[in-house]
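The values are calculated or read from the model by the stated rules, or taken from the named source; none is laboratory data. This one's a predicted model, so the numbers in the text were calculated from it and none came from an experiment. Positions of Cβ are generated from backbone atoms using ideal geometry, with glycine treated the same way; all protein chains shown enter the neighbour counts.
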Amino acid sequence: MNYIVLDLEWNQSTDGREEVPGIPFEIIEIGAIKLNGDGVMISEFSRLVRPGVYPEMHQITSRLIHLQMKELERGRPFPEVMGEFLDWCGQENYLFCTWGGSDLTELQRNMRYYNMTPLSDGPIAFLDVQKLFSLAYEDGKSRRGLENAVDQAELEKDIPFHRAFSDAYYTGRLLSKILKEKPEVTKRVSFDVFHPPASREKEIHIQFDTYVKYISREFSDKGDAFSDREVMSSKCYLCHRNLKKKLKWFTVNNRHYYCMAYCEKHGYIKYKLRFRKSEEDRLFAEKTAKLITPEEAAALRARSEQAKELHHRKNHHRADVRKNKKHQ
């Protein structure tokens with residue numbers, strides 16, 4: 001299997017207000033490096049894209065990547081460049097790799113704008129090299145900038161940063177290092193969910209070394225999702241037994257929801273749920289489950305009590321507001 005290390009540069013409306021629906025960011029450059037299964041660079045791709053949506057360069061974009069609109073006029077339309085890129089990727093199995101998690105989403109958004117055949121009708125597995133670098137060499141949570149990571153890895157900086165090809169080149173070199181020194185972290189694949197699972201049968205269930213992840217199909221709203229048994233379930237991901245919740249689902253900010261269950265064989269398990277909006281303005285759920293220590297379980301209980309108190313205060317405030325309005 002090959003690794004396609006991809007980087008994109010994109011432009012946007014000059015004032016942020018005249019945004020074209022469906023394409024907030026227009027891709028203006030595609031750069032990529034192809035690695036073989038051993039992490040050896042075997043091919044490269046670099047193309048400019050002639051703008052067809054935003055005819056003026058955003059000043060921050062121009063300053064960051066040192067590209068002028070007159071240079072982009074030498075490029076070719078996005079559908080042509082994208083077709084060449086896919087031909088270059090080849091027929092052999094490959095896995096996309098990016099620095100961070102946004103490139104594949106914007107690539108697919110641009111493809112949809114031009115009515116191109118989608119890369120996939122569901123989530124796309126890829127390697128987020130930024131995340132893998134943290135897992136391999138740091139705490140697994142921090143996220144360094146690309147140039148900072150290259151410095152940390154003590155790699156030679158032989159071409160300038162902040163162009164699609166050069167950033168793909170450096171990302172590829174970091175991935176080569178990871179494949180050589182810490183190949184086990186590449187099991188931590190990420191998923192681009194520009195297209196969420198189309199049905200229950202295509203939902204994502206994947207187990208990693210310390211946790212499991214589930215990505216649901218789309219729902220019309222949160223109420224619909226909360227009525228789904230799989231979204232709300234609290235199974236032990238190690239022995240697959242249904243567990244009684246020690247803490248029912250709660251939230252502090254209405255973005256992340258938590259619950260906790262206890263397995264007599266494996267201990268406390270924390271479940272974390274968040275809802276994301278799809279391109280069709282529907283909702284889908286991403287849920288993780290992981291074992292936690294008794295100390296972490298106690299902290300989660302305290303957080304649950306804080307959520308209850310906050311909810312009580314909000315309800316009390318709403319009641320006071322209604323009472324005051326009634327007597328005005």
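Considering every residue within the range 196-213, establish whether at least one is on the phi > 0 side of the Ramachandran plot and surrounded by fewer than 17 Cβ atoms within 10 Å (Cβ to Cβ). No, that holds for no residue.
Taking first residues from the range 84-102 that are touching a residue at least 40 places away in the same chain (Cβ under 8 Å) and of a type outside the set (A, V, I, L, M) and partners that are assigned to a loop (DSSP other than H, G, I, E, B) and surrounded by fewer than 16 Cβ atoms within 10 Å (Cβ to Cβ), the Cβ contacts under 7 Å between residues at least 6 apart in sequence or on separate chains come to N93/M1; Y94/M1. Considering each residue of the range 20-29 in turn, at least one proves to be of a type in the set (D, E), touching a Leu at 6+ places or on another chain (Cβ under 9 Å), assigned by TED's automatic domain parsing to the domain that holds N148 and modelled with pLDDT of 95 or more. When G39, G31, G75, G52 are checked against the criterion of being within 16 Å of N110 (Cβ to Cβ) and in contact (Cβ under 8 Å) with a residue 60 or more places away in the chain, a single residue qualifies: G31.
Residues that are within 17 Å of V5 (Cβ to Cβ), acidic (D, E) and in a helix (DSSP H, G or I): does the range 119-141 have at least one? Scanning the range 119-141 turns up no residue that is within 17 Å of V5 (Cβ to Cβ), acidic (D, E) and in a helix (DSSP H, G or I). Which one of these is within 20 Å of D167 (Cβ to Cβ) and assigned by TED's automatic domain parsing to the domain that holds S166: R17, R47, R112? So the residue among R17, R47, R112 that is within 20 Å of D167 (Cβ to Cβ) and assigned by TED's automatic domain parsing to the domain that holds S166 is R47.
The criterion of being crowded, with 17+ Cβ neighbours inside 10 Å, in contact with a helix residue (DSSP H, G or I) (Cβ under 8 Å, 6 or more places away or on another chain) and on the phi < 0 side of the Ramachandran plot does not hold for V40.
Assigned by TED's automatic domain parsing to the domain that holds Q306 and under 30 Å from A302 (Cβ atoms) - does that describe any residue in the range 189-206? The answer is no, given that none of the residues of the range 189-206 is assigned by TED's automatic domain parsing to the domain that holds Q306 and under 30 Å from A302 (Cβ atoms). The criterion of at least 2 residues that are among the β-branched types (V, I, T) is met by the following strands (runs of 3 or more DSSP E) wholly inside the range 1-94: 2-11, 26-35.
Of the residues R144, R112, R173, the single one that is part of a helix (DSSP H, G or I) and farther than 22 Å from E26 by Cα is R173. Within the span defined as the range 259-273, every residue fails to be within 29 Å of the chain's Cα centre (by Cα), farther than 19 Å from R301 by Cβ and loosely packed, with under 15 Cβ neighbours inside 10 Å. The residue that is surrounded by the fewest Cβ atoms within 10 Å (Cβ to Cβ), counting only those in the range 156-191 that are among the aliphatic types (A, V, I, L, M) and within 15 Å of Q130 (Cβ to Cβ), is V189. Is it the case that the range 9-30 has a residue that's over 30 Å from L175 (Cβ atoms) and basic (K, R)? Yes, the range 9-30 has at least one match.
Yes/no matrix, rows are residues, columns are (1) touching a Leu at 6+ places or on another chain (Cβ under 9 Å); (2) at pLDDT 95 or above; (3) hydrophobic (A, V, I, L, M, F, W, C):
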site: F126; (1), (2), (3): yes, yes, yes
site: F133; (1), (2), (3): yes, yes, yes
site: Q152; (1), (2), (3): no, yes, no
site: L155; (1), (2), (3): yes, yes, yes
site: K177; (1), (2), (3): yes, yes, no
site: K180; (1), (2), (3): no, yes, no
site: K187; (1), (2), (3): no, yes, no
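Would you call V231 more than 26 Å from L135 (Cβ to Cβ), outside the structural domain of I124 (by TED's automatic domain parsing) and either surrounded by 19 or more Cβ atoms within 10 Å (Cβ to Cβ) or of a type outside the set (D, E, K, R) (or both)? So V231 passes the test.
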